[in-house]
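S.K.: Encoded as structure tokens, here's the structure I'll be asking about.
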Amino acid sequence: MREHTRKLFDYAFTGLGIASITFMVAILVIVLVPIFARGVQAVIFKGTVEHRLLHLEKFSHGDEDAIRAEYDEALKARQFAWDMLDNFKKDLKAMPSSERGHYRKEFADVEAIFAELMGPRPGEHRFPIVRMQYGQNRWDRAQVKLHELMYYEQWTYENGESHLQYLPRKDLFTGTSLEGLFDYTESHLEEMLKPKITFYWRFLTDSSIDAHIFGGIWPELLGTIYLTIGSMLFAVPFGILTAIYLAEYAKEGMILSTIRSCISTLSGVPSIVFGLIGLAFFINYLKVSPNKSVLAGALTLGLLVLPTIIRTSEEAIKAVPHAYKEAAMGLGAGRWFTVVKVILPASLPGIMTGIVLSMGRAAGETAPIIFTAAVSVGQALSPIQALSEPTPALSWNIYNLCTEHEAVEEIRHVQYGMVVVLIGVVISLSLIAILMRARIQKKMKR
């Protein structure tokens, strides 16, 4: 091949590589930037006085005197709206029955929406469900609820097609004592809810209240860390010992080839199968816990990532120059001493690469922990409780909140916040492992 042709091929492959990397980075940016932008809203947002009051009463956060004074000011602004509701209720009783029936349902809708927007009045019965004890605690959700108050939906049919229209609810009460409620609420909403920019860093350390309508994600975050570290404590020692045996002690032949084929096959087994194996073997057969538990989930995740650790560790051990082994044994060192003191330290950077990959996978898996460890709602566990109790986990709760939560639209910020935190956990654990690998490599060069 001529030199000119070789250069053209080199330039073509270089350009193709740069284009591929650029394309991958662009895809990551397109996917991750919206996730991070919406996930940040779980921590930084406009919180209303209801948010501050809730955290004072449920978590003892904030200056009580300042929050109570601010809440009293908000109540004064709301009182005029409550008076209009009370006046119309009196007028409703005095109306003829035919006219009363026309307004009754519409007024019930207005009253219910306004209660969801502002919360119960002082002295009113407070329902046991927390979301019914407070008004809207986020300004963005208050805007959504205000729109529900101001407009009602109506389907119209034209030319055989249906169209959804939003019509002013005020028009339903024209000429009544309730007509002014809508304009007053729209123009005085800030006075009634007192929105402020809020930096809610406790999103990472608070437990959730009312199925993640309020509070943070500490139990899910802690559960994910338990499961990830627990799986590594199980998989890393067994994986490295198996790799040492396969690379240094086992004799080449059909049996060894079969073992390696089985390990490679396990890497491709669907994760849901590992979940069923964990349920059948660790819980039902070995009975490591009475039911679901962090221990059973960690062991299952350990089985899931074990093939990856074995294969990467074996290749790392084989990549150590043979001269290292010959030199050590030439000085009188035994095989085990040579493996532990010479070959294993030299192969640690490669082994750490496999551990990094395995940690990321263990932290993000959902299917294996559905049957063995995860619950939708739960409290943060101590290390001792983790041996016998199930735990919420970020990966499972992200799926759960997105698909099964009754108020899925109200907690979008929590869903995206969990995704960002899960990505952060994976990156943090991987970064720790990478720094350890770099430190080991630096020591080896000395």
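Read-outs throughout are calculated quantities, based only on the coordinates presented, and are distinct from any laboratory measurement. Keep in mind the model is a prediction, meaning the values are calculated, not measured. Don't worry about glycine lacking a Cβ; one is built from the backbone with ideal geometry, like all the others, and counts go over all protein chains shown.
S.K.: Evaluate the relative contact order of segment 47-198 (contact order divided by residue number), counting alpha-carbon pairs under 8 angstrom at least 6 apart; express in whole percent.
M.R.: 34
S.K.: Taking the Cβ of residue 92 as the centre, find all other residues whose Cβ is under 10 Å away and add up their charges (Lys, Arg: +1; Asp, Glu: -1).
M.R.: That sum, taken over residues with Cβ under 10 Å, equals +3.
S.K.: At a Förster radius of 41 Å, what calculated FRET efficiency corresponds to the Cβ-Cβ distance of residue 261 and residue 163, to the nearest 0.05? Provide the component values of the computation, followed by the final result.
M.R.: Working: r = 62 Å, r/R0 = 1.50.
Computed FRET efficiency for residue 261 and residue 163 comes out at 0.10.
S.K.: Order of 239-249, 140-150, 384-394 by packing, highest average Cβ count within 10 Å first? Spell out each step's value before the answer.
M.R.: Values: 239-249: 18.7, 140-150: 17.0, 384-394: 21.4.
Those peptides, ordered most packed to least, come out 384-394, 239-249, 140-150.
S.K.: Residue by residue, what Karplus-based ³J(HN,Hα) values in Hz, rounded to whole numbers, does segment 87-99 have, using 6.51, -1.76 and 1.60 with θ = phi - 60° and x for Gly and Pro?
M.R.: 5, 5, 5, 5, 4, 5, 5, 7, 6, x, 4, 5, 6
S.K.: Still on this structure, I have one more. Could you tally the net charge around residue 242, taking each other residue with its Cβ under 15 Å from the Cβ of residue 242, Lys/Arg +1 and Asp/Glu -1?
M.R.: Summing Lys and Arg as +1 and Asp and Glu as -1 gives 0.
S.K.: Could you please rank 428, 231, placing first whichever residue has the fewest other Cβ atoms within 10 Å of its Cβ? Working shown, then result.
M.R.: On the way: 428 13, 231 28.
Lowest to highest Cβ neighbour count: 428, 231.
S.K.: Additional query: Go ahead and estimate [θ] at 222 nm for the chain from helices alone: -39,500 (n - 2.57) per DSSP H run with n ≥ 4, summed, over the residue count, rounded to 500.
M.R.: Dividing the helical sum by the residues of the chain leaves -21000 deg cm²/dmol.
S.K.: Gaussian network model of the chain, Cα springs within a sub-10 Å range: biggest mean-square fluctuation belongs to which of 18, 351, 369?
M.R.: Evaluated over the chain, the most mobile residue of the options is 18.
S.K.: List every residue whose amide H lies under 5 Å from the amide H of residue 152, counting only residues 5 or more places away in sequence or on a different chain, with H placed 1.01 Å from N in the peptide plane.
M.R.: Answer set, sorted by chain and number: 167, 169.
S.K.: A further question on this structure: Please list, in order along segment 262-277, the HN-Hα scalar couplings obtained from phi with the Karplus expression 6.51 cos²θ - 1.76 cosθ + 1.60 (θ = phi - 60°), rounded to whole Hz, x for Gly and Pro.
M.R.: Per-residue couplings from phi come out as 5, 5, 5, 5, 4, 5, x, 6, x, 5, 5, 5, 4, x, 5, 5 Hz.
S.K.: Sticking with this one: Using a 10 Å cut-off around each Cβ, can you sort 72, 109 from fewest to most neighbouring Cβ atoms?
M.R.: In increasing order of surrounding Cβ atoms, one gets 72, 109.
S.K.: In nm, to one decimal, how far is the residue 87 label point from the residue 340 one, both placed 7 Å along Cα→Cβ?
M.R.: Each label point lies 7 Å from its Cα, and together they span 8.8 nm.
S.K.: Further question: Among rounded, prolate and oblate, which fits segment 382-446 when a ≥ b ≥ c are the square roots of the eigenvalues of its C-alpha gyration tensor, a/c under 1.5 means rounded, and a/b larger than b/c means prolate?
M.R.: oblate
S.K.: Same structure again: Enumerate by residue number the GluC sites (Glu not before Pro) in segment 371-446 meeting two conditions: DSSP loop (anything except H, G, I, E, B), and at most 15 other Cβ atoms within 10 Å of the site's Cβ.
M.R.: 404, 406
S.K.: In addition: Pick out which of 236, 375, 31 has the largest mean-square fluctuation in a Gaussian network model of the chain, springs linking Cα atoms closer than 10 Å.
M.R.: 31
S.K.: Holding the Cα-Cα limit at 18 Å, pick out from 93/145; 170/196; 89/194; 89/170; 46/145 the pairs that are longer than that.
M.R.: Checking Cα-Cα distances, 93/145; 170/196; 89/194 exceed 18 Å.
S.K.: Something else now. Whole-Hz ³J(HN,Hα) for each residue in segment 202-207, computed from phi via Karplus 6.51 cos²θ - 1.76 cosθ + 1.60 with θ = phi - 60°, x for glycine and proline: what do you get?
M.R.: Running phi through 6.51 cos²θ - 1.76 cosθ + 1.60 with θ = phi - 60° gives 6, 3, 8, 10, 8, 7 Hz.
S.K.: Please list, by residue number, everything in segment 237-267 whose backbone N is under 14 Å from a paramagnetic label point 7 Å out along Cα→Cβ of residue 440.
M.R.: Taking a point 7 Å out along Cα→Cβ of residue 440, the residues of segment 237-267 whose backbone N falls under 14 Å are 237-241, 243-244.
S.K.: Sticking with this one: Using mean Cβ contacts within 10 Å as the protection proxy, how do 208-216, 297-305 order, highest first?
M.R.: 297-305, 208-216
S.K.: Tally Lys/Arg at +1 and Asp/Glu at -1 over every other residue whose Cβ is under 15 Å from the Cβ of residue 391; what's the total?
M.R.: Net charge around residue 391: -2.
S.K.: Related question: Over segment 218-445, what is the relative contact order in percent, taking alpha-carbon pairs closer than 8 angstrom and at least six residues apart?
M.R.: Relative contact order of segment 218-445: 30 percent.
S.K.: Let me ask something else about it. Counting other C-beta atoms within 10 Å, which of 196, 170 has the fewest, and how do the rest follow?
M.R.: 196, 170
S.K.: Assign one of three labels to segment 32-111, namely rounded, prolate or oblate, based on the Cα gyration tensor with a ≥ b ≥ c the square roots of its eigenvalues; rounded applies when a/c is under 1.5, prolate when it is not and a/b is larger than b/c, and oblate otherwise.
M.R.: oblate
S.K.: Report, to the nearest 10°, how far helix 412-445 tilts away from the longest principal axis of the Cα atoms in the chain, using its own Cα long axis and a range of 0 to 90°.
M.R.: With both axes taken from Cα atoms, the answer is about 20 degrees.
S.K.: Here's another thing I want to ask about it. Per the Kirkwood definition applied to all pairs of different Cα atoms, how many angstroms is the hydrodynamic radius of segment 47-198?
M.R.: Working: mean 1/r = 0.0592 Å⁻¹.
The Cα-based Kirkwood calculation yields 16.9 Å.
S.K.: Please build a GNM for the chain, connecting alpha carbons under 10 Å apart, and tell me which residue among 95, 436, 232 fluctuates the most.
M.R.: 95
S.K.: Let me check against my output: what whole-number percent is the relative contact order of the chain, with C-alpha pairs under 8 Å and at least 6 apart?
M.R.: For the chain, the relative contact order is 18 percent.
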